[in-house]
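Here is the structure we will look at, set down as structure tokens.
The values are calculated or read from the model by the stated rules, or taken from the named source; none is laboratory data. In this text, all values refer to a predicted model and were calculated from it rather than measured experimentally. Here the Cβ positions follow ideal geometry from the backbone for every residue, glycine too, while neighbour counts run over all protein chains shown.
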Amino acid sequence: MYLIVQRNDKTIVIRDKKHYMILAETIKEIKRDFPKLHSSYYNIYSIILNRVTTSSFFKIAIIFFLLICIVVLYTYSNLTFLNFLEVDFHDTIKVLTTSVITLVSMNLFVTNLLLTHLKDERDDLEKIISKKVQFKFVTYFGFSIIIYLLILNVIFKNIEDYKTNILIFLFYCFLFFILLLINLYKIVFEFINKSSRKKILHYELNHEFDKILYVNKIKKEFVVKYDSFFNSHTFKKTSPLFFSFSNKLSTKTNVTVKFSKISFFRDLDTKRLKKILLKLNHTDNYFASLQLDDKFQIANDFLLVSINEDSYKIKNCFVFKETALFSDELEPEVLNILLKKLENNVKNDRLEELKEDLSNINSVLGKFLNTY
């Protein structure tokens with residue numbers, strides 16, 4: 001069983017084993033009780049699409065090179081998958097190169113058209129446009145085709161046995177590039193159209209708010225389960241800091257941690273810890289109040305538990321990582337855009353626009369109330 005969590009542009013896979021007891025249980029419960037909220041944050045299609053479309057030009061060019069190497073190996077193996085096309089190499093490469101250069105220029109033109117049309121809202125919508133339009137990926141994809149066509153045009157005499165299949169592969173890539181360009185035009189026209197742009201803003205607002213709700217819900221439920229576990233073993237809550245100044249803890253065995261790198265609290269192995277705690281004296285024991293992704297600085301002692309007897313195994317039940325599971329702050333970018341629009345509409349007495357803005361705010365407030 002695997003649980004997948006998205007953090008910014010990275011995907012973290014959590015193995016549902018004993019070392020991830022509370023976190024895995026929390027995520028599964030939210031997935032069961034709030035399936036729409038869970039799917040809004042974790043969507044395999046969206047995660048893959050985001051990773052692909054945010055790739056740098058270097059990564060795309062490397063992928064092209066690896067695929068061309070596969071085509072060369074395929075040709076060397078005398079397979080016939082691509083061979084049903086018969087092409088004139090010299091004429092085809094000239095036409096294909098010219099066509100790709102033309103369409104890449106059209107891609108840059110339509111992007112400029114969008115930014116010019118939205119000059120008044122461009123700064124506010126910049127991040128949404130970059131996310132939805134994906135013109136960088138389309139442009140990089142087109143440039144990669146051009147580069148490999150030019151290279152093929154220069155070195156084709158040295159690769160006589162492979163040049164035709166490589167050209168056919170680049171032709172298939174060109175067809176895919178056309179589909180990308182058609183989709184790009186479709187999205188651009190949606191942004192240019194005011195009513196479609198409002199729908200995009202409404203969708204992005206709800207999607208952003210769902211992600212924030214999801215993360216906050218996980219953190220809240222995680223703390224509830226963490227505290228509940230120790231309370232069930234008659235532990236009392238205390239702070240992980242300044243424990244050395246506490247008279248009530250000075251005579252106890254304080255289980256602490258110290259880090260050489262900044263670390264984040266990730267999880268608690270309750271199954272293992274429960275076996276240890278059952279063997280201890282349950283009188284006046286204390287546990288540190290910790291939350292998911294709590295940050296621990298370097299070279300300081302932090303209290304985990306304070307007990308009446310020594311048990312070094314307890315420390316191994318707490319899981320720490322060098323990176324936070326979730327980003328420190330999920331910036332409500334779309335909500336900020338909406339609030340700015342709301343302020344401008346109030347100042348300029350735009351009643352219709354104001355009504356729509358209030359409707360958007362009402363939708364996210366409804367989600368908050370239904371979740372909490």
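Structure values in brief
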read-out: Long-range neighbours under 9 Å by Cβ, at least six apart or interchain, first residue closer than 18 Å to LYS131 by Cβ within region 178-200, second hydrophobic (A, V, I, L, M, F, W, C) and outside any helix (DSSP H, G or I); value: PHE191/LEU118; ILE192/LEU118; ARG197/LEU118
read-out: Criterion (without any contact (Cβ under 8 Å) to a residue 40 or more places away in the chain and either in a helix (DSSP H, G or I) or more than 22 Å from LEU23 (Cα to Cα) (or both)) met by exactly one of LYS211, LYS220; value: LYS220
read-out: Test: residue in region 295-315 that is closer than 16 Å to ASP267 by Cβ, under 39 Å from the mean Cα position of the chain (by Cα) and part of a loop (DSSP other than H, G, I, E, B); value: no
read-out: Region 265-281 - residue that is touching a Phe, Trp or Tyr at 6+ places or on another chain (Cβ under 7 Å) and not acidic (Asp, Glu) and, of those, surrounded by the fewest Cβ atoms within 10 Å (Cβ to Cβ); value: THR270
read-out: Verdict on LEU73 being of a type outside the set (S, T, N, Q) and under 30 Å from LYS136 (Cβ atoms); value: no
read-out: Pairs, first more than 18 Å from ALA299 (Cβ to Cβ) and part of a strand (DSSP E or B) in region 250-278, second polar (S, T, N, Q) and modelled with pLDDT of 85 or more, C-beta under 6 Å, six or more apart; value: none
read-out: Count of residues meeting criterion [in contact with a helix residue (DSSP H, G or I) (Cβ under 8 Å, 6 or more places away or on another chain) and modelled with pLDDT of 70 or more] in region 101-124; value: 10
read-out: From THR80, THR98, residue being assigned by TED's automatic domain parsing to the domain that holds VAL154, out of contact with any Pro (no Cβ under 9 Å at 6 or more places or on another chain) and modelled with pLDDT of 85 or more; value: THR98
read-out: The listed residue being modelled with pLDDT of 85 or more and outside the structural domain of THR270 (by TED's automatic domain parsing), out of LYS36, LYS28, LYS10, LYS17; value: LYS28
read-out: Residue, surrounded by the most Cβ atoms within 10 Å (Cβ to Cβ), within region 38-62, restricted to residues that are among the hydrophobic types (A, V, I, L, M, F, W, C) and in contact (Cβ under 8 Å) with a residue 60 or more places away in the chain; value: ILE60
read-out: So LEU292, is it under 17 Å from PHE222 (Cβ atoms) and either at pLDDT below 85 or not in a loop (DSSP other than H, G, I, E, B) (or both); value: no
read-out: Unique match (being in contact with a strand residue (DSSP E or B) (Cβ under 8 Å, 6 or more places away or on another chain) and either closer than 30 Å to LEU37 by Cα or buried (at least 16 other Cβ atoms within 10 Å of the Cβ) (or both)) among ASP284, ASP210, ASP227; value: ASP227
read-out: Of all residues making up region 139-165, the number that are within 16 Å of VAL71 (Cα to Cα), of a type in the set (A, V, I, L, M, F, W, C) and at pLDDT 85 or above; value: 4
read-out: Residue count for region 241-257, restricted to those that are modelled with pLDDT under 80 and surrounded by 17 or more Cβ atoms within 10 Å (Cβ to Cβ); value: 3
read-out: Single match in ILE151, ILE182, ILE128 (criterion: surrounded by 14 or more Cβ atoms within 10 Å (Cβ to Cβ), at negative phi and in a helix (DSSP H, G or I)); value: ILE128
read-out: Residue in region 266-280 that is more than 19 Å from TYR312 (Cβ to Cβ) and modelled with pLDDT under 85 present; value: no
read-out: Every pair of residues 6+ apart whose Cβ atoms lie under 7 Å, when the first sits in region 283-295 and is not assigned by TED's automatic domain parsing to the domain that holds GLU221 while the second is not in a strand (DSSP E or B) and not small (Gly, Ala, Ser); value: none
